[in-house]
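Below: one structure, written as C-alpha cells.
The values are calculated or read from the model by the stated rules, or taken from the named source; none is laboratory data. Owing to the predicted nature of the structure, the values given are computational and were not obtained by experimental measurement. When we count neighbours, we look across all protein chains shown, and the Cβ atoms used for this are built from the backbone with ideal geometry, even at glycine. Note: accessible area is taken over every heavy atom of the protein model, side chains too, but ligands, DNA and RNA are not part of it. Shrake-Rupley method; radii C 1.70, N 1.55, O 1.52, S 1.80 Å.
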Amino acid sequence: MVPNTIPDTKKITSGEAYINSLRGRNLRVYLFGELVEEPLDHPMIRPSINAVAETYDLALREPELAAVISPLTNERISRFLHICESTDDLVLQNKMQRKLGQNTGTCFQRCVGMDALNSLHSVTFEMDEKNGTDYHSRFLDFLTAMHRQNAVISGAMTDVKGDRSLPPHQQEDPDMFVHISRWTEKGIFISGAKAHQTGCINSHWMLVMPTMRLGEKDKEYAVVGALPVDSQGITYIYGRQSCDKRSMEGGNLDVGNVKFSGQEAMVIFEDVFIPKEHVFMDGEYDFAALLVERFTTYHRRSYVCKSGVGDVLIGAAAAIAEMNGVAKASHIKDKLVQMTHLNETIYGTGIASSFQGFPTKSGCYLCDPMLSNVCKHHVTKMPYEIGRLSQDLAGGLMVTMPSEKELEDPKIGTILKKYLRGKAGIPTEDRMRMLRLIENMTLGRNAVGYLTESLHGAGSPQSQRIQIGRMMQLEYKKRLAKILAGIEMKDNKDVLAIELAGYFSRVFKIN
Ligand SMILES: Cc1cc2nc3c(=O)[nH]c(=O)nc-3n(C[C@H](O)[C@H](O)[C@H](O)COP(=O)(O)OP(=O)(O)OC[C@H]3O[C@@H](n4cnc5c(N)ncnc54)[C@H](O)[C@@H]3O)c2cc1C
Ligand code: SF4
C-alpha cells in the first residue's frame, strides 16, 4: 500500500516547476474508456494544467496580489494556501481571482481548496473547543507541510448523492455518500464517490469533506481528511466538456481559447486509507452543517472569478463588433454597457462580502454570508445574459463557421478569406479566432466554467435562496415599516437591539 504521508518534495515556485511536479505520478485516470498513461501529455487535459500553472506564474509576476509570506514557514507561498488574517486578505483573494479569470478565460481550479482550508481552520478549532479533540493542531501540521511544498489542493465536497430526497443512511446503496468503511489504530479507510471534482487530477492533495447537514445516524459520513491524489484505491473518470476533442485535432483556432481550460472528474474511493494525522473530522456529525455553511460562504463569493472571465467575453464582444464594422452603433454600445453592468454587479457583491468579513474564534476571517450568497445568486443568472449578448454581437457565423482545416486548404482557404471578411484591414483569420473564442466561452469547453459551473458550483440556485431567506431579518424590516406608517406595536421591542443581531450588525458596524 502507498503510505498516505507527506513526502519531502521540493517547494514549487513557478508554473514550469508545477508542471514538472505532475509528471510520473501513479494516477488512475480513465478518459474515453482507456487509462491515460500520462495526463500531463494528454492534449485534452493539458490546457487545464496550464490554467493552474498560471496561478504560480502570476505569483511570480505580481507577488503582492497572488502570494503571501507564510506565517507558518516564513517563506513566500501562493495566496491559495493562505489562511485569511484580515478583511484585506479576503479582498485580495477576490482581486487575485478576477485577475486569473482575465488571464485564463476559464476556471483556474484552486479556489475550492483555498476555501476548504479557510473553513477547516475555524471548524477544527470549534470542534476541539467543544469536544476536546486535537483536530486543529493536526490541521495546522498538515497546512505547514502544504506551505513548505507550495502545493495545489483540491476540495472534494459534492457526493454523487443518489436519491436527493434521502439522507446518506437511508440510501439503498451506502456508497452514494463518501463514508468511513473501517477504522484501524493508525487511521481510517473511506469508500464512495465524489462528483464534478474541479482540478482534482491537477492537484497534489485533496481534502474530502461532507456535502450536507448530517444526523446521528449518518455518523460514518461525517468525515474530513486530506489525502494525496495518487493514493492507492482512487480512480478518476474524466468529465467530457462540450467540443473537448477539438484540442486533439492539432490546430489552435477551432479550440477557441488557445491555451487554457478547466477540469472536472468523478473520483471513486475504494477503501482508501487516511492516517490519523490527516483526519480532521471523524464522526462529529453535528459539525457537518457548520463546515458546509462556512465553505459555501467563502466559495460563493469566490465566484467573482466569473467577473474576470466576463471581462474577456465583454472584450471579445467589443472586438467582434469592431471587426464586423458596427462598433459605433448605439445599440451595440448599449449592450456592452449592459454586459459591464451585469459583470460589475457580480464583482461588487463578491468584494463587498469580503470587505464586510469578520474574525471567527480561530482568528481566521470569514466573509459576509448574506453578500456571498447574493453574489453567487447573481452568478447563477448574469453570465447567461452576458453570454447571450455576446452571441447577439457575434452574429450567426459563430455557429456556422467552417473549420480551421478549410482555412488552411489552398483553394477553400482563399475563398473563405474572401467571403468571411468583415471590416477592411482586419485579417479574416482574426475575425474567425474571435468568433471561436466567443463560441468556446458560451457553447464550448469554457462554457462549462462560465455558464453551468456558475449555475451549480458551490450549490444550485435554491441553496442560496434558502440561505438568503434565513438571514433576511424580516421582523426587523417589518418594524421599520410599521414605525414609519405610524402603526403602534404592543411589544415595545427596541429596534436597535434587533438591528444589532445578524446581518445588520455587520452592515452598521463602525470599525
Ligand atoms: C463545473 C462544476 C464544477 C464543480 N466543482 C466542484 C468541486 O470542485 N468540488 C465539489 O465538491 N463540488 C463541485 N461541484 C459540485 C456542485 O457543488 C454541485 O453541482 C451542486 O452542489 C449541485 O449538486 P448536483 O450537481 O448533484 O445537482 P442536484 O443536487 O441533483 O441538483 C439538481 C436540481 O435538483 C434540486 N435539488 C437537489 N436536491 C434537492 C432536494 N433534496 N429537494 C429539492 N430539490 C433538490 C436542485 O436545487 C437543482 O435544481 C461542481 C459542479 C460543477 C457543475
Ligand atoms: S469556478 Fe471560479 S471559484 Fe471555482 S475554482 Fe474555478 S475559478 Fe475558482
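Of note:
- Counting only helices (runs of 4 or more DSSP H) that sit wholly inside the stretch 49-154, those with at least 3 residues that are under 30 Å from K259 (Cβ atoms), away from ligand 2 (no atom under 16 Å from the Cβ) and not β-branched (V, I, T) are 135-149.
- Some residue of the stretch 307-325 being touching a residue at least 24 places away in the same chain (Cβ under 8 Å), within 30 Å of L397 (Cβ to Cβ) and in a loop (DSSP other than H, G, I, E, B): yes
- Identity of the residue in the stretch 154-200, among the polar types (S, T, N, Q) and more than 30 Å from F80 (Cα to Cα), that ends up farthest from ligand 1 (Cβ to nearest atom): T184
- Listed here are the helices (runs of 4 or more DSSP H) enclosed by the stretch 439-511 that have at least 2 residues being open to solvent by 30 Å² or more (accessible area, probe 1.4 Å), within 30 Å of K259 (Cα to Cα) and within 16 Å of ligand 2 (Cβ to nearest atom): 453-456.
- A Cβ distance below 8 Å, combined with a sequence gap of six or more or placement on separate chains, defines the contacts here; from the stretch 20-46, residues that are more than 17 Å from R240 (Cα to Cα) and in a loop (DSSP other than H, G, I, E, B) reach residues that are small (G, A, S) and open to solvent by 60 Å² or more (accessible area, probe 1.4 Å) in the pairs E38/G24.
- Residue check for L313: open to solvent by less than 20 Å² (accessible area, probe 1.4 Å) and aliphatic (A, V, I, L, M): yes
- The one condition in (1) more than 25 Å from the chain's Cα centre (by Cα); (2) surrounded by 15 or more Cβ atoms within 10 Å (Cβ to Cβ) that V152 fails to fulfil: (1)
- The set of residues in the stretch 321-364 that are surrounded by 16 or more Cβ atoms within 10 Å (Cβ to Cβ), more than 21 Å from K95 (Cβ to Cβ) and either basic (K, R) or in contact with a strand residue (DSSP E or B) (Cβ under 9 Å, 6 or more places away or on another chain) (or both) comprises K335, T360.
- So S362, is it outside any helix (DSSP H, G or I) and in contact with a Phe, Trp or Tyr (Cβ under 9 Å, 6 or more places away or on another chain): yes
- With respect to being out of contact with any strand residue (DSSP E or B) (no Cβ under 8 Å at 6 or more places or on another chain) and in contact (Cβ under 8 Å) with a residue 60 or more places away in the chain, S154 falls outside the description.
- Boolean, R240 is free of Cβ contacts under 8 Å to residues at least 40 places away in the same chain and farther than 26 Å from L81 by Cα: yes
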